[in-house]
Amino acid sequence: MTELKEDFSLKETSPKIGGGRVSGRERLTSSFDLVEQMEFLYVRIVRARDLQVNQVTGTCDPYVEVKIGNYKGTTIPFEKKLNPEWNQVFAFTKERLQAISVELLVKDKMIVNGDFIGKIKIDMPDIPKRVPPDSPLAPEWKRLEAKDGSRARGELMFAIWFGTQADEAFSSAWHSDTAVVSGENIMNCRSKVYVSPKLWYLRVNVIEAQDLVPKQRNRNPEVFIKAIFGNVVLKTTVSAKKTANPTWNEDLMFVAAEPFDDPLILTVEDKLGDNKEECLGRLVLPLSKAGKRFLPLPASAIWYNLERNIADGEEKKDVRFASRICLRFSLDGGYHVFDEATNYSSDLRSTMKQLWPPVIGVLELGILSAKELLPMKSRDGRGTTDAYCVAKYANKWVRTRTVVDSFDPKWNEQYTWEVYDPYTVITLVVFDNCHLHPGGAKDSRIGKVRIRLSTLETDRIYTHSYPLVALLPNGVKKMGEVQLAVRFTCSSFVNLLQTYSQPLLPKMHYINPLSVFQIDSLRHQATHLLSSRLSRAEPPLRREVVEYLLDVGSQMWSMRRGKANLARLMRFLNGFGVAWIWFDQVRRWKNPMTTIFVHVFYVIMVLFPQMILAMFFFSLFGVVIMKFKKRPRLPPHMDIKLSFADKAHPDELDEEFDTFPSSKQGHILTTRYDRLRSIAARMVTLNGDLDSQLERLQSLIDWRDPRATAMFSIFCLMAAVVFYIVPLWILLLFAGPFVMRHPRFRIDIPALPQNFLRRLPSKAESLL
């Protein structure tokens with residue numbers, strides 16, 4: 001069992017955001033007011049003209065070196081160009097600069113002795129300062145100077161200014177802390193905003209086929225449909241109608257992303273044996289032919305002619321092929337396409353924009369910094385971490401720049417999302433960038449943060465340091481902390497309250513619901529599709545990042561998670577247990593004054609029944625008001641005690657991290673299988689006991705025990721007469737004191753109804 005020493009608590013912080021003007025509910029209106037201001041020196045190298053030709057080579061391969069003290073950055077060199085154009089931006093952190101001037105050196109790639117074509121020198125006090133929304137500084141042409149200070153041939157167009165991370169050039173700039181990164185890998189350091197492709201549910205309703213021509217005419221064909229879309233293959237069941245005109249009426253569903261690149265391929269297959277199939281026809285449908293629908297009305301059924309399957313080496317002949325297939329083919333836009341775990345989804349809208357609810361507010365996230373990160377890899381014989389963050393809400397993903405070689409990185413980047421539903425979760429993950437040098441491995445997980453918007457007060461700025469917790473095969477470990485600033489601003493309070501009365505999902509999920517198996521299968525397709533699309537962006541959002549953020553694999557077996565969920569259930573049921581213990585003490589007269597008060601209160605409720613509901617809701621109101629002072633004041637965070645991460649046995653964690661199918665063999669696999677069998681045996685026993693109790697209730701009326709059923713029928717007749725003659729309030733007036741009578745008038749043995757039910761028969765004795 002893991003012995004915890006780290007502090008896994010959530011900590012409230014007081015960063016100097018908004019110029020130090022933040023105080024809980026203060027509304028700051030300037031852009032980037034949720035982050036600490038960071039100043040940078042920006043240098044934009046646009047182009048050069050009329051450069052000096054190298055006397056040795058007879059040409060010029062120019063590039064520009066921006067040099068500030070010990071920091072320097074270089075543009076891309078061009079071959080044999082006297083008028084090159086770069087349009088590159090360099091950003092240097094101001095607090096690290098100690099030089100008094102900036103040098104722009106225009107060099108020739110073929111000159112290796114440190115010489116240069118020309119230079120321009122700018123003193124620091126002469127550099128202007130720009131703060132958005134000021135217009136960008138216009139680049140200017142300046143004459144190059146030679147090494148001796150004389151005028152050199154050629155001019156350089158550039159712009160230089162002091163700015164902040166709010167500058168438009170920030171995301172695309174080369175940063176001075178990435179000087180150790182070279183070549184194309186610099187692209188992997190930049191910040192980026194991604195938008196998920198628009199996802200649709202593709203529904204194919206296979207109805208029937210006609211005039212199929214199997215090659216083996218002396219047998220009844222066993223026909224099914226195979227549908228291929230991208231890398232996903234789905235099959236219908238074998239038609240129960242084993243003729244040349246089979247029927248199915250089955251739905252096959254896929255996830256499609258715009259733009260629609262892949263067609264849908266349908267093949268009619270005849271099952272000849274266990275692993276042998278024969279293609280009876282083929283149909284290729286581009287998704288442009290699919291109708292987009294958002295109403296529950298089914299799409300029109302259309303007959304399509306099948307193409308004959310041409311075997312390898314067979315010549316294609318103009319043969320009339322009469323086989324055809326009837327199906328419905330549509331893109332269902334009335335559903336929400338699940339790509340995240342349903343318990344913490346960040347978006348619940350349908351695909352069709354016409355069905356979206358109104359915007360209720362804006363979510364703003366300031367990613368400030370991290371501290372005390374652990375070394376994730378080794379470089380030059382020492383541990384290092386190159387951290388970046390990725391946050392997702394709805395269809396918008398944001399990625400911060402990578403801060404190279406720092407255990408306390410500072411990002412100070414702010415992002416904004418529109419909010420349509422408060423019952424949504426924003427997820428942020430921190431990763432170590434392993435692609436800054438050639439031959440990099442997968443990016444390593446550092447930690448994850450989830451924040452549900454409904455737990456946030458509107459217009460309040462939350463500034464906290466969240467623990468980054470990693471569950472490893474050897475136990476739970478704190479990987480560091482990440483400091484965030486979050487604000488949920490409500491634009492329409494009426495729309496916000498109205499969302500609590502609306503269905504959680506689009507109406508199509510209730511009119512034409514999908515099965516649990518379909519949702520799981522479609523979610524797997526959606527996550528695979530998103531991983532594939534986002535990994536092709538620049539810089540790529542890699543598969544391991546997307547899958548970790550979307551919680552792929554969260555539904556796999558975990559003994560630890562099972563115990564945690566059971567503990568959550570028991571924590572809820574504990575309230576009923578406490579209430580029963582209190583009532584048992586009342587009926588046993590442990591505190592006579594309390595018991596007498598309960599008797600009096602019960603009599604009043606029986607005599608004045610109109611007060612029952614009023615008192616019930618008034619009591620609930622009082623409980624809610626009393627709990628207001630103890631309401632949670634901190635946003636939710638990863639709780640290791642709630643997750644049972646601090647109590648997990650190493651073997652349970654090893655099993656949780658095992659692959660599926662299992663990679664273990666021998667004794668370990670046998671032990672885990674036996675453990676699952678023992679748990680399943682207890683569940684089977686519990687289920688059997690519950691079944692027996694329900695069957696005993698059923699046997700009251702089905703004459704399984706004729707004497708018991710006869711006694712029950714006589715009791716029902718007598719009860720009907722008594723309840724008809726005696727008013728209900730009189731019966732209740734006597735029933736309550738009888739149940740709560742003093743222990744000296746009670747014998748502690750099972751009551752008569754309990755004894756009667758236990759003697760009724762069940763079907764347990766009929767089981768093998």
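So which trypsin sites (Lys or Arg not before Pro) in segment 163-213 end up in coil per DSSP with only 16 or fewer other C-beta atoms within 10 Å? Intermediate values should be presented prior to the final figure.
Details: sites: ARG190, LYS192, LYS198, ARG203; in loops: ARG190, LYS198.
Listed in order of number, the matching sites are LYS198.
Among SER171, SER101, PRO62, pick out the residue whose Cα is farthest towards the positive end of the charge dipole of segment 43-202, where Lys and Arg carry +1 and Asp and Glu carry -1 on C-beta, about the Cα centre. Checked the options; the winner is SER171. Here the dipole of segment 620-768 is about 960 debye; that uses its Cα centre as origin and unit charges on the Cβ of Lys and Arg (positive) and Asp and Glu (negative).
Between the DSSP loop rule and a limit of at most 11 other Cβ atoms within 10 Å, which trypsin sites (Lys or Arg not before Pro) in segment 391-433 are left? For trypsin sites (Lys or Arg not before Pro) across segment 391-433 that sit outside H, G, I, E and B with at most 11 neighbouring Cβ atoms in 10 Å, the list is empty. Selection among PHE601, ASN305, MET615 by position relative to the dipole of the chain gives PHE601 as farthest towards the positive end (Cβ unit charges, Cα centre). Other residues within the sphere of radius under 13 Å centred on the Cβ of ASN54, judged by their own Cβ, net out at +1 (K and R +1, D and E -1). Just the Cα atoms of segment 476-574, one point each, no solvent: what log10 I(q)/I(0) does Debye give at q = 0.17, 0.19 Å⁻¹? Taken in order of the listed q values, log10 I(q)/I(0) reads -1.31, -1.22. Measuring nothing but protein heavy atoms, the accessible surface of segment 69-212 at 1.4 Å probe radius is 47 percent carbon and sulfur. Inter-part distance, segment 643-698 to segment 506-556, computed on C-alpha centroids, equals 28 Å.
In this structure TRP397 has an accessible area near 0 Å², from a 1.4 Å probe over the protein heavy atoms.
Treat segment 689-733 as a sphere of radius equal to its Kirkwood radius over Cα pairs and apply Stokes-Einstein at 20 °C in a medium of 1.002 mPa s; give the translational diffusion coefficient in µm²/s, rounded to a whole number. Before the final figure, lay out the partial values.
On the way: Rh = 12.2 Å.
D = 176 µm²/s.
Taking the charge dipole of segment 193-247 about its Cα centre, with +1 at Lys and Arg Cβ atoms and -1 at Asp and Glu Cβ atoms, the residue from PRO197, PHE229, ASN218 reaching farthest to the positive side is ASN218. When only alpha carbons of segment 155-282 are considered, Rg and Dmax amount to 27.6, 87 Å.
Trypsin sites (Lys or Arg not before Pro) within segment 48-82: which are DSSP loop residues with at most 16 other Cβ atoms inside 10 Å? Write out the running numbers ahead of the final one.
Details: sites: ARG49, LYS67, LYS72, LYS80, LYS81; in loops: LYS80, LYS81.
Those that pass, being in a loop and sparsely packed, are LYS80, LYS81.
Placing unit charges on the Cβ atoms only, positive for Lys and Arg and negative for Asp and Glu, gives the chain a dipole magnitude near 1860 debye about its Cα centre.
Take peptides 621-629, 595-603, 724-732 and line them up by average Cβ neighbours within 10 Å, highest first, as a rough protection proxy. List each step's numbers first, then the result.
Numbers: 621-629: 8.8, 595-603: 14.0, 724-732: 10.4.
Descending mean neighbour count gives 595-603, 724-732, 621-629.
The base-10 log of I(q)/I(0) for segment 583-731, evaluated at q = 0.15, 0.21, 0.22 Å⁻¹, reads -1.07, -1.26, -1.28 [Debye formula, identical scatterers on Cα atoms, solvent excluded]. Computed over Cα pairs, the Kirkwood radius of segment 656-739 leads via Stokes-Einstein (0.692 mPa s, 37 °C) to a diffusion coefficient of 180 µm² per second.
Volume per residue of the convex hull around the Cα atoms, evaluated for the chain, comes out as 301 Å³. Measuring how big segment 90-239 is from its alpha-carbon positions, Rg and Dmax come out at 31.6, 98 Å. Where does the charge balance sit around THR594 when Lys and Arg score +1, Asp and Glu -1, over other residues with C-beta under 14 Å from its C-beta? My count for the surroundings of THR594 gives +2. Straight-distance candidates among the aspartates and glutamates for linking to LYS198, with alpha-carbon spacing under 14 Å and chain neighbours fewer than 8 residues away dropped: GLU258, ASP261, ASP332, ASP339, ASP347.
Calculate, in whole percent, how much of the Cα-Cα pair population of segment 275-423 lies beyond 28 Å.
Values: 6264 of 11026 pairs.
The share of Cα pairs beyond 28 Å in segment 275-423 comes to 57 percent.
For ASN113, neighbours were defined as the other residues whose beta-carbon sits under 13 Å from its Cβ, and their charges (Lys and Arg +1, Asp and Glu -1) total +1.
With +1 on each Lys and Arg Cβ and -1 on each Asp and Glu Cβ, how big is the dipole of segment 509-567 about its Cα centre, in debye rounded to the nearest 20? Display every interim value, and only then the final one.
Working: 8 positive and 5 negative charges, 29 e Å.
Here segment 509-567 has a charge dipole of around 140 debye.
The values are calculated or read from the model by the stated rules, or taken from the named source; none is laboratory data. Keep in mind that what you see is a predicted model, and the values were worked out from it rather than measured. Note that each Cβ is placed from the backbone with ideal geometry, even for glycine, and that neighbours are counted across all protein chains shown. Ligands, DNA and RNA are stripped out before the accessible areas are found, and what is left, the full protein with its side chains, is counted by its heavy atoms. Shrake-Rupley method; radii C 1.70, N 1.55, O 1.52, S 1.80 Å.
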